[in-house]
Amino acid sequence: MLFAIRTIQERTGKDLGATFLSGTTISNSLTELYLLFKYLRPKELERQDIRCFDAWAAIFAKKTTDFEFNVTNNVVQKERFRYFIKVPELAAFYNEITDYRTAEDVGVDRPHKNEVLHHIPPTPEQEDFIEKLMQFAKTGDATLLGRAALSETEEKAKMLIATDYARKMALDMRMIDPAYEDHPDNKASHCAKTIAEYYRRYDAQKGTQFVFSDLGTYQPGDGWNIYSEIKRKLMEDYGIPGHEVRFIQECKTDKHARR
């Protein structure tokens, strides 16, 4: 596509000849904005003596260093472009080639989200673990969380580790250790109750519910996970047939998914 656009631009001698249409101009990375200029404003970039990404980033972007967990659950250091600098100049440059249209402008009919927030107080085990997390954040003593002492790299990412534990703990203590007991007031119990209520309410219409957790993944077998736990509660506490509760991971083909 770059070759085709360059051919058109060479014929006109100007930054013309192509129109990009997008609902998400920047979806994942700040570097996408540079690519937009590279395709649509090559002569203007050249006039500003910006001939590569590094030159553009040195003027308009700023790096940050963060610690995060990798796929093996080890803490690693990552550098990323997270901030724009010289925003007024960059915005003026961007506005030269951009025209905005909102959903209201073009008359897109979209459904309204019916959002219901549930306040679920922490269980006694969660309250106890919160205290341990606070002490860990102050002292860095990982034994408070039932893990080995922090390495030098982990010590630098202490608050990231605390945040990771807090997210898991907030969902269910068994995300941290399956040895923790079930509690009638945990989120899995409240979720199963709400799902069962909708199940009964729309049983005549054979309604279908989609349930998603942004933490945890269904795993077949005996290992504990939040999805299997909710299914267990639906079956044992509310008598919902097991074959009516399925997981997307069980769908091996498009035919299975349509079922």
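The values are calculated or read from the model by the stated rules, or taken from the named source; none is laboratory data. None of the values given here were measured: they were computed from a predicted structure. Because the Cβ atoms are built from the backbone with ideal geometry, glycine has one as well, and the counts that use them run over all protein chains shown. Accessible surface is based on the protein model in full, side chains and every heavy atom, while ligands, DNA and RNA are left aside. Shrake-Rupley method; radii C 1.70, N 1.55, O 1.52, S 1.80 Å.
Compute the acute angle (0 to 90°) between the alpha-carbon long axis of helix 187-201 and the principal axis of greatest extent of the alpha-carbon atoms of the chain; round to the nearest 10°.
So the helix axis and the longest Cα principal axis differ by about 90 degrees.
Just to verify a number: FRET efficiency for Lys113 and Ala91, C-beta to C-beta distance, R0 = 45 Å, to 0.05? Could the numbers behind the result be given before it?
On the way: r = 30 Å, r/R0 = 0.66.
After rounding to 0.05, the efficiency reads 0.90.
Net charge around Ala137, counting only other residues with Cβ within less than 13 Å of its Cβ (Lys, Arg = +1; Asp, Glu = -1)?
Net charge around Ala137: -1.
If you take the charge dipole of the range 157-208 about its Cα centre, with +1 on Lys and Arg Cβ and -1 on Asp and Glu Cβ, which of Met169, His190, Gln205 is farthest toward its positive end?
Gln205
Taking the range 165-213 on its own, what percent of its Cα-Cα pair distances exceed 13 Å? Kindly include the intermediate steps, with their values, before the conclusion.
Details: 750 of 1176 pairs.
When every Cα pair of the range 165-213 is considered, 64 percent fall beyond 13 Å.
Out of the range 27-114, which GluC sites (Glu not before Pro) are coil in DSSP terms and have no more than 15 other C-beta atoms within 10 Å?
Working: sites: Glu32, Glu44, Glu46, Glu68, Glu79, Glu89, Glu96, Glu104; in loops: Glu96.
Within the range 27-114, the qualifying GluC sites (Glu not before Pro) (loop, at most 15 other Cβ atoms within 10 Å) are Glu96.
May I ask you to rank Glu152, Glu125 by accessible area, largest first, using a 1.4 Å probe over the protein chains only? Don't jump to the answer; show the numbers that get you there.
Details: Glu152 145, Glu125 65 Å².
So, going from the largest accessible area down, we get Glu152, Glu125.
Work out, in µm²/s and without decimals, the Stokes-Einstein translational diffusion coefficient of the chain at 37 °C, 0.692 mPa s, Rh from Kirkwood over C-alpha pairs.
Numbers: Rh = 23.9 Å.
Here the translational diffusion coefficient equals 137 µm²/s.
How are the alpha carbon pair distances in the range 1-143 distributed across 10 Å bins from zero to the largest one, expressed in percent?
The percentages, shortest bin first, are 8, 23, 22, 20, 15, 8, 2, 0.
What are the extents of the Cα atoms of the range 195-252 along their three principal axes, listed from largest to smallest and rounded to whole Å?
Cα spread of the range 195-252 along its principal axes, largest to smallest: 33, 24, 21 Å.
Just going by the charge dipole of the range 1-60, with Lys and Arg at +1 and Asp and Glu at -1 on Cβ, which of Phe60, Pro42, Thr7 is farthest out on the positive end?
It is Thr7.
Taking the Cα atoms only, what angle lies between the long axis of helix 2-12 and the longest principal axis of the chain, rounded to 10 degrees?
That helix lies at roughly 30 degrees to the long axis.
To the nearest Å, what is the center-to-center distance of the range 17-68 and the range 82-148, using C-alpha atoms only?
25
Based on the alpha carbons, how large is the Rg to Rh ratio for the range 123-168 when Rh follows Kirkwood? It would help to have the intermediate numbers written out before the result.
Details: Rg = 10.2 Å, Rh = 10.6 Å.
My calculation puts Rg/Rh at 0.96.
Around Arg174, what is the net charge, scoring Lys/Arg as +1 and Asp/Glu as -1 over all other residues with Cβ under 15 Å from its Cβ?
Working: positive: Arg167, Lys168, Lys187, Lys231, Arg232, Lys233; negative: Glu125, Asp128, Asp172, Asp177, Glu181, Asp182, Asp185, Asp222, Glu229.
Net local charge, Arg174 excluded: -3.
Would you work out which of His119, Thr139, Thr153 lies farthest towards the positive end of the dipole of the range 111-185, given +1 charges on the beta-carbon of Lys and Arg and -1 on that of Asp and Glu, about the Cα centre?
Highest projection toward the positive end goes to Thr153.
Hey, what did the chain get for relative contact order, percent, Cα under 8 Å, at least 6 apart?
Details: 191 pairs, mean separation 25.4, N = 259.
Normalised by residue count, the contact order of the chain is 10 percent.
Please report the accessible area of Arg232 (heavy atoms, 1.4 Å probe, ligands and nucleic acids excluded) in Å², nearest 10.
The accessible area of Arg232 comes to roughly 80 Å².
Keeping all protein chains in the complex and leaving out DNA, RNA and ligands, what accessible area do you get for Val211 with a 1.4 Å probe, in Å² to the nearest 10?
Around 70 Å² of this residue is reachable by solvent.
Let me check I've understood the local charge: for Glu79, count other residues with C-beta under 10 angstrom from its C-beta, Lys and Arg +1, Asp and Glu -1. What total comes out?
Values: positive: Lys63, Lys78, Arg80, Arg82; negative: Asp66.
Within the 10 Å Cβ shell, the charges total +3.
State to the nearest 20 debye the size of the charge dipole of the range 1-118 about its Cα centre, where the only charges are +1 on K and R beta carbons and -1 on D and E beta carbons. Before the final figure, lay out the partial values.
Values: 17 positive and 17 negative charges, 62 e Å.
Dipole magnitude for the range 1-118 comes out near 300 debye.
Roughly how big is the range 93-225's charge dipole about its Cα centre, with Cβ charges of +1 (Lys, Arg) and -1 (Asp, Glu), in debye to the nearest 20?
280
Quickly estimate the mean residue ellipticity at 222 nm for the chain, helices only: each DSSP H run with n ≥ 4 gives -39500 (n - 2.57), and the total goes over all residues, rounded to 500. Mind showing how you got there, number by number?
On the way: 12 runs with 116 residues, N = 259.
Value at 222 nm, helices only: -13000 deg cm²/dmol.
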